[in-house]
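Down below is the structure, laid out as structure tokens.
No lab work stands behind these numbers, since they all come straight from the coordinates. Since the structure is predicted, the reported quantities are computational estimates derived from the model, not experimental observations. Positions of Cβ are generated from backbone atoms using ideal geometry, with glycine treated the same way; all protein chains shown enter the neighbour counts.
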Amino acid sequence: MRSGTMRRLYRLSMVIASIRAWRSPCRAITTIEGLAQNGELHPLQAAFIERDAFQCGYCTPGQICSAVGLLTEGHTRSRAEIREHMSGNLCRCGAYTNIADAVEDVLMPRIAAKEAAE
């Protein structure tokens with residue numbers, strides 16, 4: 001197959017997957033706008049601002065939503081794992097260090113609190 005055909009098939013598969021996720025009654029889709037609650041920023045949104053973890057803002061919504069996924073899933077326990085799990089999100093400005101700092105600022109206290117409770 002030619003590469004143009006492959007790209008169209010890939011795009012079509014992404015559209016189908018998005019429609020399935022949207023139509024599923026047991027799934028919720030949260031966007032960057034849905035993270036703030038009662039006028040308060042999500043802790044990751046606040047950490048991104050505090051750590052200056054954005055420059056042009058192009059990748060910021062995806063970076064924050066992916067980081068929220070890390071917190072929700074609970075698989076990440078170190079800075080190396082943060083960087084590994086966030087590696088699929090590209091930042092054309094190169095703010096990766098600040099992004100990892102912001103995620104670590106929110107994640108590590110949660111891990112410490114969970115370990116203290118156990």
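Taking loop as defined by DSSP and a crowding limit of 11 other beta carbons within 10 Å, which trypsin sites (Lys or Arg not before Pro) in segment 49-118 fit?
92
Estimate the FRET efficiency between residue 114 and residue 13 by the formula 1/(1 + (r/R0)^6), using the beta-carbon distance for r and 30 Å for R0, to the nearest 0.05.
Using R0 = 30 Å, I get an efficiency of 0.20.
Among 70, 44, rank each residue by its count of other Cβ atoms within 10 Å, from fewest to most, as a rough exposure measure.
Ranking 70, 44 by Cβ neighbours within 10 Å, fewest first, gives 70, 44.
Note the per residue figure in Å³ for the convex hull of the C-alpha positions in segment 59-98.
Cα-based convex hull of segment 59-98, divided per residue, equals 62 Å³.
Taking segment 24-118 as the region of interest, what is the percent of Cα-Cα pairs per 10 angstrom bin, listed from the shortest bin to the one with the maximum distance?
Bin by bin from 0 Å, the calculated values are 16, 48, 30, 6, 0.
Please give me the summed charge of the neighbours of residue 90: other residues whose Cβ is under 15 Å from its Cβ, Lys and Arg +1, Asp and Glu -1.
+1
Rank the residues 54, 48 as a footprinting-exposure proxy: fewest other Cβ atoms within 10 Å of their Cβ go first.
54, 48
So if R0 is 30 Å, what FRET efficiency would residue 33 and residue 5 give, r being the distance between their Cβ atoms, rounded to the nearest 0.05?
Efficiency at R0 = 30 Å is approximately 0.25.
Explain nothing, just compute: Karplus ³J(HN,Hα) = 6.51 cos²θ - 1.76 cosθ + 1.60, θ = phi - 60°, for every residue of segment 52-65 in order, whole Hz, x for Gly and Pro.
Once θ is set to phi - 60°, the couplings for segment 52-65 become 6, 8, 8, 10, 7, x, 4, 9, 4, x, x, 4, 5, 5 Hz.
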